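In what follows, a single structure is set out as structure tokens and then discussed.
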Amino acid sequence: MNKRRRLTGVVTSNKMMKTVVVEIKRTYRHPLYRKVVHASNRVKAHDELNCQIGDVVQIVESQPISREKAWVVETVIKRERRTEDAGVGE
């Protein structure tokens, strides 16, 4: 195992070619006020695994691929279960 950072997040967008937007949520206690703070960060990641919206993925840092993309989707931890919409016609 190498020393690259690995983060887990949820795919929120896959509209770009071979790129997904992953939202990483973290919860921590504020050092002074002791209040629980919920923070989230959105990063763009290179996707060769064809991720869908709602998938839980693990991303690993890499050398910069483009101006905003320096992460790669390593594994899909959990696929989002999607059902076909019946529509209004029935």
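Around Arg6, under 13 Å between beta carbons, what's the net of Lys plus Arg minus Asp minus Glu among the other residues? Numbers along the way, then the final one.
Working: positive: Lys3, Arg4, Arg5; negative: Glu61, Glu74.
Neighbourhood net charge equals +1.
Evaluate the relative contact order of segment 6-78 (contact order divided by residue number), counting alpha-carbon pairs under 8 angstrom at least 6 apart; express in whole percent.
Values: 164 pairs, mean separation 23.3, N = 73.
Reported as a whole number, the value is 32 percent.
For segment 1-77, which chymotrypsin sites (Phe, Trp or Tyr not before Pro) pass both filters: DSSP loop (anything but H, G, I, E, B) and at most 14 other C-beta atoms within 10 Å? Don't skip to the end; give the middle numbers.
Values: sites: Tyr28, Tyr33, Trp71; in loops: Tyr33.
When the chymotrypsin sites (Phe, Trp or Tyr not before Pro) of segment 1-77 are filtered for loop state and at most 14 Cβ neighbours within 10 Å, Tyr33 remain.
Mean shadow of the chain, computed from the convex hull of its alpha carbons, in nm²? Can you show the working numbers first?
Numbers: hull surface 37.1 nm².
Taking a quarter of the hull surface, the average projection is 9.3 nm².
Extending 7 Å from Cα along the Cβ direction at Glu80 and again at Met1 yields two label points whose distance is 2.8 nm. If the segment from Leu32 to Arg67 were pulled out straight at 0.36 nm per residue, it would be longer than the present Cα-Cα gap by 9.0 nm.
Counting lysine pairs in segment 6-78 that sit 8 or more residues apart in sequence, or on different chains, and whose Cα atoms lie under 15 Å apart gives 6.
Every number in this text was worked out from the coordinates using simple rules, so none of it is lab data. In this text, all values refer to a predicted model and were calculated from it rather than measured experimentally. Note that we place each Cβ from the backbone using ideal geometry, even for glycine, and neighbour counts take in every protein chain shown.
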